[in-house]
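> Encoded as structure tokens, here's the structure I'll be asking about.
Please treat every number below as a calculation from the coordinates, not as lab data. Bear in mind the structure is a predicted one, so any value in this text is a computation, not a measurement. Every residue, glycine among them, receives a Cβ derived from its backbone with ideal geometry; neighbour counts consider all protein chains shown.
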Amino acid sequence: MRWKQLSVFLENKPGALSEPCRLLAGAQINIRTFSLADTREFGILRMVVDDPDKARRLLRRHGFAVRVNDVLVIEVPDRPGELAAILDGLDGSGINVKYGYGFTVDGQGKGVLVFAFDDPDKALSILKKKRVAAGLKGGR
């Protein structure tokens with residue numbers, strides 16, 4: 001399902017990640033998952049939170065550059081081939097995967113994948129139609 005993801009631009013220096021995380025914790029905003037990418041001068045903190053509108057306002061009020069975009073969050077069985085099946089389902093569609101990240105929880109038998117597509121509506125439609133993404137998670 002579609003979720004709102006925040007992309008927060010950070011300086012690439014020690015401690016830069018702590019400040020937005022503390023702000024969100026202080027406001028009782030739960031970070032459900034995150035990814036951190038870096039370049040030489042800055043980092044991009046991408047995160048899915050339980051209240052993206054409140055988080056965006058809070059972080060901007062504290063001087064952070066924040067962008068909000070839609071991502072698809074897909075729950076899959078934690079077994080070999082699940083990511084390949086999703087990608088195979090999109091083959092020939094012309095849809096580009098811009099980036100993605102995921103995680104599993106030991107003992108749960110499930111994984112969660114987060115994708116940014118260049119056309120999320122089309123990707124969602126195709127995956128539902130092909131029943132590849134039966135685990136599409138409800139979002140905000």
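> Among all lysine pairs in the chain that are eight or more places apart or on different chains, how many have alpha carbons less than 27 angstrom apart?
28
> A follow-up question, please. Given points 7 Å out from each Cα along the Cα-Cβ axis, report the ILE31 to SER125 separation in nanometres with one decimal.
If labels sit at ILE31 and SER125, their model points lie 3.6 nm apart.
> Sort 5-11, 118-124 by the packing proxy (mean of other Cβ within 10 Å over each peptide's residues), most packed first.
Going by the mean number of other Cβ atoms within 10 Å, highest first, we get 5-11, 118-124.
> Under a crude label model (7 Å from the Cα following the beta-carbon direction), how far is ASP70 from ASP118 in nanometres?
Between ASP70 and ASP118, the simple spin-label model gives 1.7 nm.
> What base-10 log of the normalised intensity I(q)/I(0) is obtained for the range 71-129 from the Debye formula, alpha carbons as equal point scatterers, at q = 0.13, 0.17, 0.18, 0.21 Å⁻¹?
-0.32, -0.54, -0.60, -0.80
> What distance in nm lies between label points placed 7 Å from Cα along the C-beta direction at LEU83 and CYS21?
The answer from the label model is 2.3 nm.
> Consider the candidate values (i) 45, 28, 27; (ii) 43, 35, 28; (iii) 73, 30, 21; state which one is Cα extents along the principal axes in Å computed from the structure displayed.
Checking each listed value against the structure points to (ii).
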